[in-house]
Amino acid sequence: MTRSGPIPPDGPRPGRRFAGRTGFAALAVLYGALVGVCLATLVGAGDLSLGRNPIENLARTVGEFLRPSFLDVWLGPERLEYRSDDGSVLRVENRREVEAGFLAATARATWVTFQIATLGSLLAALMGLPLALLVARNLRAPRLLAWMAKGILDVSRSVHTLVFGLILVGIVGLGPTAGVLAIALHSMGTCGKLFAESIESMDMAAIDAVRATGASEAQVFFHGVWPSVLPQIVSHHLYVWEFNIRDSTILGLIGAGGLGLLISEAVSLFQWDRLSTLLIVVVALVMAFDALSRRIREALL
Amino acid sequence: MSTAIRMEGMRVALAGRVVLDVPRLVIETGERVAIVGPNGAGKSMLLKVIGAGVPARHGQVHVLGYSLGPDPSEGEGTHRALAPDARRALRRDTGLLMQGLHLVQRLSARENVLIGALARLHGVHALRSWARWYPTDLVAEADAMLTALGLADRVGTRADRLSGGERQKVALARMLLQRPRLILADEPTSALDPTATREVCAALVGAAADRDRTLVTVVHDLDLLPALSTRVIGIRAGCIAWDLPTGRVTPQRLQALYGQPPVQADGPEVDPPAAPNAGWQA
């Protein structure tokens with residue numbers, strides 16, 4: 001990486017046309033027109049409807065969600081008899097035992113989801129960091145490499161985790177591995193972009209001061225660049241991790257393991273009480289990790 | 001005596017306007033030179049050209065034996081970058097103390113000072129330095145430097161928690177640890193109280209005491225001229241107005257360089273103040 005001479009000016013930027021109050025008003029009008037067109041075409045095609053009896057459906061769904069299945073572990077009937085129409089007993093089950101088993105399965109799935117998110121995010125950060133170093137304009141990587149790295153990041157960011165997951169399930173088979181790789185490939189783009197932005201916002205004068213002592217490029221990186229960006233990189237990594245815990249709950253839908261599998265099962269069998277349990281677990285997991293990562297990020301600054 | 005800096009026909013133009021025009025300037029090794037002049041005269045620009053921070057595209061510039069001028073085969077207005085090895089060697093031998101200080105905010109004062117010694121490390125020590133693992137004698141040298149500047153109790157403090165004056169001293173210590181042959185300092189005492197100013201001046205002069213060390217300082221506090229320099233260059237509007245031994249710099253010359261002192265409330269006529277910087281700093 002050669003670093004001599006000043007950064008060439010960007011030249012007149014097209015975004016300048018929207019500067020000032022009139023420009024902002026024009027943007028607002030443009031946005032309003034876009035929203036209007038979206039609404040008008042949807043209504044015109046008759047696709048904007050809430051169904052036949054939304055109020056009743058809403059009340060029923062809420063009612064079922066309000067009694068999550070895990071309550072059955074303590075409150076459920078110990079002897080539930082399934083009878084046929086003529087009154088003969090088909091099957092007897094202990095609801096408490098059944099739901100306790102489901103709860104245990106949920107716990108295992110939660111752990112798998114956490115594993116997928118954690119390993120996937122780590123892999124994403126490890127792959128995203130070198131690409132970010134190439135993309136960050138202030139580090140002046142060779143232009144061809146920078147373009148290629150930017151292309152990789154853009155592609156990986158624009159393909160959804162689920163799409164990566166579908167492809168990877170076909171390659172590495174069902175299970176958490178596909179989930180980890182799917183998360184890693186998609187988050188690599190997010191990580192790379194966030195890392196590159198924090199590198200670009202560095203105080204370059206301090207970096208130049210390190211370079212001015214005659215330090216080698218590696219020394220400049222480890223004494224100037226790395227300590228300056230490390231807190232932001234850790235903070236971005238935590239953010240992506242947090243995001244992936246949310247994201248990986250859905251990956252089970254495509255057979256990549258974790259809570260998503262149980263969610264799709266509960267949805268297909270219309271077991272809204274179990275779905276309610278699962279959603280409570282998801283929300284608790286995400287909120288706990290949010291709180292934790294916020295603490296860590298605050299401590300880092 | 002060999003020549004530390006030699007310029008001939010050097011011009012710097014920004015946006016078509018000539019901001020610095022030095023037909024000839026020679027600074028010998030071992031000299032202590034102060035550059036004075038009003039704001040915007042081109043003092044810092046001259047220092048940056050010497051420090052290779054601003055490319056010299058016109059004329060000839062030789063610093064410590066390296067040629068920084070335009071590419072002779074391409075002609076005026078071009079710039080020939082030094083080979084990477086030569087550029088590093090020149091950077092290692094040139095100690096910069098620029099305005100803005102530019103410490104690495106999240107490293108401690110000691111680690112910032114040790115950055116100055118990076119170019120002195122070789123072999124396995126250079127590799128270890130990637131993990132900020134330094135030879136103990138260097139760490140001791142850095143601590144001694146900070147102690148000499150009155151920062152003994154701040155060695156472990158992060159740079160962004162230091163006061164402005166403390167940062168200035170850390171930047172100075174970093175530069176001194178580099179053991180440069182040429183020291184370029186831009187207003188090294190601008191954020192300092194009188195005691196700290198004395199300490200910093202003593203450290204600068206001490207570092208330049210060897211016969212093979214050259215010190216070039218941009219000075220705003222004209223009281224410091226006798227302490228920091230043996231020769232003073234007055235710059236006005238991008239040109240060298242005069243170039244004299246410090247002993248022959250008179251208040252009248254300084255007054256002419258900075259223009260008339262500001263008119264005071266009690267009358268239009270003002271005698272040259274006893275403290276030379278009282279009126280000219282504006």
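Some notes on this structure:
- Within the range B:106-120, not a single residue is more than 8 Å from chain A (Cβ to nearest Cβ), small (G, A, S) and open to solvent by 30 Å² or more (accessible area, probe 1.4 Å).
- Options B:V139, B:V124: the member that is assigned to a helix (DSSP H, G or I), away from chain A (no Cβ under 11 Å) and free of Cβ contacts under 8 Å to residues at least 12 places away in the same chain: B:V124
- Candidate set from the range A:37-90 (those that are among the charged types (D, E, K, R), within 30 Å of A:F102 (Cα to Cα) and outside any helix (DSSP H, G or I)); member that is farthest from the chain's Cα centre (by Cα): A:D85
- Within the range A:136-162, residues that are closer than 30 Å to A:V210 by Cα have Cβ atoms under 7 Å from residues that are basic (K, R) and surrounded by fewer than 18 Cβ atoms within 10 Å (Cβ to Cβ) in these pairs: A:R140/A:R3, counting only partners at least 6 apart in sequence or on another chain.
- Out of A:R143, A:R157, sole residue that is open to solvent by 40 Å² or more (accessible area, probe 1.4 Å) and touching a helix residue (DSSP H, G or I) at 6+ places or on another chain (Cβ under 6 Å): A:R157
- Screening B:L96, B:L90 for residues that are closer than 30 Å to B:M45 by Cβ, open to solvent by 40 Å² or more (accessible area, probe 1.4 Å), facing chain A (nearest Cβ under 9 Å) and touching a Leu at 6+ places or on another chain (Cβ under 8 Å) leaves exactly one candidate, B:L96.
- The one condition in (1) closer than 30 Å to A:P68 by Cβ; (2) open to solvent by 10 Å² or more (accessible area, probe 1.4 Å) that A:Q232 fails to fulfil: (1)
- Only one entry in B:V200, B:V205, B:V170 is surrounded by 20 or more Cβ atoms within 10 Å (Cβ to Cβ) and away from every other protein chain (no Cβ under 14 Å), namely B:V200.
- Scan the range B:46-86 for residues that are surrounded by fewer than 20 Cβ atoms within 10 Å (Cβ to Cβ), at positive phi, within 23 Å of the chain's Cα centre (by Cα) and at pLDDT below 85 and the total you get is 2.
- In the range A:212-230, the residues that are part of a helix (DSSP H, G or I) and within 7 Å of chain B (Cβ to nearest Cβ): A:A212, A:A218, A:Q219, A:F222, A:H223, A:G224, A:P227, A:S228
- Verdict on B:L103 being open to solvent by less than 30 Å² (accessible area, probe 1.4 Å), within 12 Å of another protein chain (Cβ to nearest Cβ), within 26 Å of B:L215 (Cβ to Cβ) and over 19 Å from the mean Cα position of the chain (by Cα): no
- Among (1) open to solvent by 70 Å² or more (accessible area, probe 1.4 Å); (2) in a loop (DSSP other than H, G, I, E, B); (3) more than 14 Å from every other protein chain (Cβ to nearest Cβ) - the single one B:W133 does not satisfy: (3)
The values are calculated or read from the model by the stated rules, or taken from the named source; none is laboratory data. All values derive from a computational prediction rather than experimental measurement. Using ideal geometry, Cβ is built from the backbone for each residue, glycine included, and neighbour counts are taken over all protein chains shown. Each accessible area value is taken on the protein alone, full model and side chains, heavy atoms only, with ligands, DNA and RNA left out. Shrake-Rupley method; radii C 1.70, N 1.55, O 1.52, S 1.80 Å.
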